[in-house]
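Worksheet: one structure, shown below.
Every number in this text was worked out from the coordinates using simple rules, so none of it is lab data. Note that this is a predicted model, so its numbers are computed, not measured. Here the Cβ positions follow ideal geometry from the backbone for every residue, glycine too, while neighbour counts run over all protein chains shown.
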Amino acid sequence: MADRQKYYIIQKKALPSSILKVLEAQELLDNGVVKSISEATERVGISRSVFYKYQHAVKPFYKDEAQRTVTIGLNLLDSPGILSDVLGILATFNFNLLTINQTIPINGIANVTLTLETLNNTKDLEQLIQILEEHQSIKSVRILAGETI
């Protein structure tokens, strides 16, 4: 049996600086800020060999995909209007809500699972997660799954 590639979702803060710099160099190239790999690697402070080693092994979660689904798990305080707040935030980011599942609150916390569809005009998923994490009534936010359609 052939070895299958394994993929992981990892938080940015857990990545080594060399990987983050490869991503930064890729972004400079993609946005046309620099014209060559040499210029990009020099600007971010990594060697070209590091760039070439990791350039195809790492990319931002869902960058450049036109349409995809993502499933997010939330733990919300059992308080009126919190779920409505979450849905309002999703609307401002232009996510299409495909499914929503909520448990009965236990010890004042309700578990909510949202499956979202992103479209071409959907704003950044990282920004959405950050805003949800900053909401005082949302106790935790996790990306549970994601796939390109």
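Considering every pair of different Cα atoms, what Kirkwood radius, in Å, is found for the chain? Show your work: numbers first, answer last.
On the way: mean 1/r = 0.0568 Å⁻¹.
Final number for the Kirkwood radius of the chain is 17.6 Å.
Note on HIS135 and GLU27: with the Förster distance fixed at 25 Å, the Cβ-Cβ geometry gives a FRET efficiency of about 0.35. The relative contact order of the chain, computed from alpha carbon pairs under 8 Å that lie at least 6 residues apart in sequence, is 25 percent.
Per residue, the average separation of C-alpha pairs within less than 8 Å and at least 6 apart gives region 68-148 a relative contact order of 48 percent.
The alpha-carbon atoms of region 68-148 define a convex hull whose volume equals 79 cubic angstrom per residue. Taking 19 Å as the limit for the C-alpha separation, the pairs LYS13/LYS59; LYS12/LYS59; LYS6/LYS53; LYS13/LYS53; LYS21/LYS53; LYS13/LYS123 exceed it in the case of LYS13/LYS53; LYS13/LYS123. When only the Cβ of Lys, Arg, Asp and Glu is charged (+1, +1, -1, -1), the dipole of the chain relative to its Cα centre reaches about 500 debye.
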